[in-house]
Amino acid sequence: MDLLHKLRTAEETARGSDGRAFPGDVHIDAILGPGEVSIAGRRTLMFGSTNYFGLTWDHETVAAAQDAIAQYGTSTTGSRTANGTLRLHADLERDIADWFGMRDALLFSTGYQATLSVVGGLCGITDVVVVDAESSDAIRDATCHTSARVVTFRHHSARSLADRLAALPRGPRNKLVVVEALDPVRGDAAPLKDIVDACRRHGAYLVVDEADSLGTLGATGLGCAEAQGVLHEVDFVVSSLANALASVGGVCVSDHDELRALHFLARPYVFTASGSPATVASARAAVRILRERPQLRERLRANSRQLREGVRAAGYRVNSTDAPFVSIFAGDERRGVALWRRLLAGGVYVDVIRPHTRSPDDWVLRASCSSAHSSEQIARAVDVFTRARDSGREVRWASPSMGILGARAPIGVELTPFVADVAEERE
Ligand SMILES: Cc1ncc(COP(=O)(O)O)c(C=O)c1O
C-alpha cells in the first residue's frame, strides 16, 4: 500500500460526507476580543484557549513584544547553543528563577520540548524513568525518545510509585520520576506531597510539569507544588509559557547548578531555534503582571467556579477541582463529538479530547476559563450548554466519519500500547 494512503484515508474519514466541522480543523477568522472569536463568520465564545489571564491582549505584553521586535528583529534564526543567547533570554530566565526563589531557569522553544529535553538530557541507557501511566503527550513522547528503561505507575497513586521504586535495583541515584502536577484532561492534582516522599525514600529525582498550574494555582501562582507546600522538594519544575503566560515557549526551573548543562546536552534544545524576541519579551511582561496582580488569579477562580457550577446545573458530569478549566465527561466518541458540534453550532468553542485511559468511553470536552471572560459571557456559554443538552436528546449520529479519531486524533491524545499497558515496563 502506498505510504500516503494512510494520510488520504485519515483526512477523508475525518471530514465525513456531510462536510460538517470536525475537531482539529476549525479555522478562526478573527479575534474579536477577550473570550470571543469569529469562526466561519460567526461570533463564537472561546473556551478552548488556555489564555488563562487574557494576556495575549494585555497592552504591556503587546508593547513588550513590539519593542523586542524593533530592537532584536523577528527571529533568533537558530539555537542558542549555535547562535548565542540574547540578553532577553537571560533576563527572562533570571526573572522566572527569582519568581520561584530557585537558583536557575532554562528556557526552551516550547513546553513539550522542555520535558523532552529534561528527560533526554538527564537520562541514558543506565537510568530509569518512572512516569504516571496516564501521562499525556509530552511525558509519553519523552519516554519514547530516551534509551533509559521506562517504568509506569498507577495514575496519581504514590503507593504504586513507591512500589515501583522499591522494586528497582538499589544503587546510585539514577531514577527520574516525571509527573504532571495537574491532569490536563480531568483537572485533578497529583498527590505531590506523597510523591515527593516516595522519591525521597527511594533516592529518585523528581520532575513536575506545571503546564496548566503555573500562574493559576498556588499562593503566588507557582502551581500545585507550591499549593501543596513541596515546591522546594521538587528537583525540576517544567512548564509551558503558552498558557498563563500567553506566549510560546517552555521553561525548567531548578535549584540544581547542573541545570545549565542542558544547554549543551539536550538535543531538542540544541537543535531547535530558540524563543523569538517577541515571545520571550511578552512572557517576561506576563511574569511581571502575574506577580503584580494576584487579583487576576482570584478572578480566574471565580470564573471557573461560575462555569463549572453552571454546566453541572445544566445536567452534565464535570470535574470538581480547582483547575482553571472545566472537564465535561462526555462518554463515548459518538456522544463526545456530537456534543462538541452542538456547542460549536450554538456559538461556543471548547476542546474535545479523546481518551488516554484504557476506556473508550472517557471522551472529555475541556472548557478553559480566563480571568478575561465576563460573567455575562460565561452565562451565555452555560445557556448554550443547556440548549445543547436538550437538543442532544433528538440527535442521531449520522456520520460514520469519526474513525479518524481512532487512527490519530487531530486534537487530543491517542491510546498507545504504552498507555494501554498500565504498570507494564519497557526495558
Ligand atoms: C501537561 C502539559 N505538558 C506540556 C504541554 C506542552 O506545552 P507547549 O504547548 O508549550 O509545547 C502541555 C500543553 O499545554 C501540557 O498540558
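(1) over 11 Å from V251 (Cβ atoms); (2) within 22 Å of the chain's Cα centre (by Cα); (3) of a type outside the set (V, I, T): which one isn't true of R80, the others all being true?
(2)
Scanning segment 213-233 for residues that are within 15 Å of the ligand (Cβ to nearest atom) and of a type in the set (A, V, I, L, M, F, W, C), which turns out nearest to C123 (Cα to Cα)?
Applying the filter and picking the extreme gives A225.
Please go through segment 272-320 and pick out each residue that is hydroxyl-bearing (S, T, Y) and surrounded by fewer than 18 Cβ atoms within 10 Å (Cβ to Cβ).
Hit for segment 272-320 is S320, nothing else.
Could you go through segment 161-169 and let me know if any residue there is part of a loop (DSSP other than H, G, I, E, B), touching a strand residue (DSSP E or B) at 6+ places or on another chain (Cβ under 7 Å), over 23 Å from V318 (Cα atoms) and without any contact (Cβ under 8 Å) to a residue 60 or more places away in the chain.
Looking through segment 161-169, at least one residue is part of a loop (DSSP other than H, G, I, E, B), touching a strand residue (DSSP E or B) at 6+ places or on another chain (Cβ under 7 Å), over 23 Å from V318 (Cα atoms) and without any contact (Cβ under 8 Å) to a residue 60 or more places away in the chain.
Which pairs have Cβ atoms under 8 Å, sit 6 or more apart or on different chains, and link a residue in segment 354-370 that is at pLDDT 95 or above and among the polar types (S, T, N, Q) to one that is assigned to a strand (DSSP E or B) and surrounded by fewer than 24 Cβ atoms within 10 Å (Cβ to Cβ)?
Short answer, once both residue conditions are applied: S368/D351.
Checking E309 against (1) assigned to a loop (DSSP other than H, G, I, E, B); (2) modelled with pLDDT of 95 or more, only one condition comes out false. Which one?
Every condition holds for E309 apart from (1).
Checking A204 against (1) out of contact with any strand residue (DSSP E or B) (no Cβ under 8 Å at 6 or more places or on another chain); (2) more than 12 Å from the ligand (Cβ to nearest atom), only one condition comes out false. Which one?
All conditions are met except number (1).
Just to be sure before I move on: is D104 in contact with an Asp or Glu (Cβ under 8 Å, 6 or more places away or on another chain) and surrounded by 13 or more Cβ atoms within 10 Å (Cβ to Cβ) in the structure I sent?
yes
Can you pull out every residue in segment 336-361 that is among the acidic types (D, E) and within 18 Å of T386 (Cα to Cα)?
Listed by number, the list holds a single entry, D351.
Quick one: how many residues across segment 6-38 are among the small types (G, A, S) and modelled with pLDDT under 85?
Counting residues in segment 6-38 that are among the small types (G, A, S) and modelled with pLDDT under 85 gives 7.
Which of (1) out of contact with any helix residue (DSSP H, G or I) (no Cβ under 8 Å at 6 or more places or on another chain); (2) outside any helix (DSSP H, G or I); (3) in the same structural domain as S213 (by TED's automatic domain parsing) does V151 not meet, given it meets every other one?
Result: V151 fails condition (1) only.
Could you please let me know if A97 is within 16 Å of the ligand (Cβ to nearest atom), closer than 27 Å to G229 by Cβ, in contact with an Asp or Glu (Cβ under 8 Å, 6 or more places away or on another chain) and in the same structural domain as Y269 (by TED's automatic domain parsing)?
no
Which residues, counting only those in segment 327-362, are assigned to a loop (DSSP other than H, G, I, E, B) and more than 19 Å from V26 (Cα to Cα)?
Hits for segment 327-362 are D332, P355, H356, T357, R358, S359, P360, D361, D362.
Rundown of residues vs (1) in a helix (DSSP H, G or I); (2) within 11 Å of the ligand (Cβ to nearest atom); (3) of a type in the set (D, E, K, R), yes/no style:
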site: Y112; (1), (2), (3): yes, yes, no
site: L116; (1), (2), (3): yes, yes, no
site: E134; (1), (2), (3): no, no, yes
site: A138; (1), (2), (3): yes, yes, no
site: D141; (1), (2), (3): yes, yes, yes
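Search segment 238-266 for residues that are assigned to a helix (DSSP H, G or I) and more than 8 Å from the ligand (Cβ to nearest atom) and pair each with any residue that is of a type in the set (D, E, K, R) and modelled with pLDDT of 95 or more when their beta-carbon atoms are under 7 Å apart and the residues are at least 6 apart or on different chains.
D257/R103; L259/D104; R260/D104; H263/R80
Does V177 satisfy being over 25 Å from G218 (Cβ atoms), within 16 Å of the ligand (Cβ to nearest atom) and in contact with a Cys (Cβ under 6 Å, 6 or more places away or on another chain)?
Here the answer is no, as V177 does not meet what is asked.
The values are calculated or read from the model by the stated rules, or taken from the named source; none is laboratory data. The shown structure was predicted, so the numbers you read here are calculated from the model rather than taken from an experiment. Please note: Cβ atoms are built from the backbone with ideal geometry, for glycine as well, and neighbour counts cover all protein chains shown.
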